[in-house]
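As structure tokens, the structure follows; a few thoughts come after it.
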Amino acid sequence: AALHEVLYGMHRLGNLPRSFGTYMLAVVGGTFVVGIGWEVFEYILGIATLHPETYWPDTIKDLALDTLGAIVIAIAYIRK
């Protein structure tokens, strides 16, 4: 939702094309990149204390839910 607000502000200032495809790609892609960054951060600092056999399924679930959330926010914005 925070990324949506930043991109919406850029759109209003004319710094982002008005195409829905560009907006959706920016929101979903940006959210995915931030999610990957968070997972790397967790791994490097040892925050994720999961066993190795549950680490990857948890990481994939987290990234999938991040992406789903971005899609929901983008669709809610379009319907607004």
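Among 2, 52, 38, which residue has its Cα positioned farthest towards the positive end of the charge dipole of the chain, with +1 placed on the Cβ of Lys and Arg, -1 on the Cβ of Asp and Glu, and the dipole taken about the Cα centre? Going by the charge dipole, the pick is 2.
Dipole check for the chain: with +1 at the C-beta of Lys and Arg, -1 at the C-beta of Asp and Glu, and the Cα centre as origin, the magnitude is about 620 Debye.
In terms of packing, defined here as the mean over residues of other Cβ atoms within 10 angstrom, the peptides 73-79, 22-28 line up highest first as 22-28, 73-79.
No value in this document is a laboratory result; all are computed from the given coordinates. Given the structure is predicted, the values throughout are model-derived calculations rather than measurements. For neighbour counting, all protein chains shown are included, and Cβ atoms are generated from backbone atoms with ideal geometry for every residue, glycine included.
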